[in-house]
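*Asks:* Just passing along the structure, written as structure tokens.
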Amino acid sequence: MKNLLKSTLTLCLALLSLISMNAQQKRKMENTALLIIDVQNDYFPGGKMTLEGAEQAGKNAQQVLEYFRKNDLPVIHIRHISTNEGAAFFLPGTSGAEIHALVSPSIGEKVIEKHFPNSFRDTDLLKYLQSEKIKNLVIAGMMTDVCVESTTRASFDLGFNNIIIGDATATRDRELNGQVVKASEVQKSFLAGISALGNLYASVVNTQDFVKGK
């Protein structure tokens, strides 16, 4: 009988601890939304603008998305549609412009279409965030040094607190004055820059640390 009572008490304490941890995590994520930027088919192998490490970044974004869904937290998908003359990818009506299956929106999740790198420009993103009383953004997506960066900096200027999931972002090789800058260097440089000065624009964390609440 004593052993049974002891086991029951231990189980109750474990359940109470789990409930307390979940409640603390809920409070920690209060007024927070996930912003997934441009995780679209053209950036993946076979697309018109393949990025370095797109598949792994997409899988990491999927893990973060599952975390937000599991905790019933708001999710916003950003989808870029190219309307500028001479655009070669994300063209209207093409499969390449569709959101990738790894992070395909669920019913009820907000989807915003944009035409510029900054997700706030000429969209209802700001209005939506304000209506939902969102103060903090967790950001994943592509490309790191274009749409992710421009959106994050704009978000800071508009008063939001930002976390970038670094390994849930991706880019590609760049060229400067005839020299190739490898995607890995572009990635590190832009994430380092945006988190400089004490994480002024954003703090940068990896997927596993984020979903484990570290």
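The values are calculated or read from the model by the stated rules, or taken from the named source; none is laboratory data. The structure presented is a predicted model; accordingly, all values stated were derived computationally and were not measured. No Cβ is skipped: glycine too gets one built from the backbone with ideal geometry, and neighbour counts run over all protein chains shown. Quick note on the areas: whole protein, heavy atoms, side chains included, nothing else; ligands and nucleic acids left out. Shrake-Rupley method; radii C 1.70, N 1.55, O 1.52, S 1.80 Å.
*Asks:* Hey, any hits in segment 136-153 for a residue that's of a type in the set (Asp, Glu), at pLDDT 95 or above and out of contact with any helix residue (DSSP H, G or I) (no Cβ under 8 Å at 6 or more places or on another chain)?
*Replies:* For segment 136-153, residues of a type in the set (Asp, Glu), at pLDDT 95 or above and out of contact with any helix residue (DSSP H, G or I) (no Cβ under 8 Å at 6 or more places or on another chain): absent.
*Asks:* Take PHE190 and tell me if it is open to solvent by less than 20 Å² (accessible area, probe 1.4 Å) and either under 17 Å from LYS114 (Cβ atoms) or more than 13 Å from the chain's Cα centre (by Cα) (or both).
*Replies:* When the stated conditions are applied, PHE190 does not pass them.
*Asks:* Is segment 77-87 home to any residue that is at pLDDT below 95 and open to solvent by less than 60 Å² (accessible area, probe 1.4 Å)?
*Replies:* Yes, there is a match, as at least one residue in segment 77-87 is at pLDDT below 95 and open to solvent by less than 60 Å² (accessible area, probe 1.4 Å).
*Asks:* How many of the residues in segment 161-182 are under 19 Å from the mean Cα position of the chain (by Cα) and either open to solvent by less than 50 Å² (accessible area, probe 1.4 Å) or aliphatic (A, V, I, L, M) (or both)?
*Replies:* 9
*Asks:* Being open to solvent by less than 30 Å² (accessible area, probe 1.4 Å) and either at pLDDT below 95 or not polar (S, T, N, Q) (or both) narrows it down to one residue among ASP42, ASP72; which is it?
*Replies:* ASP42
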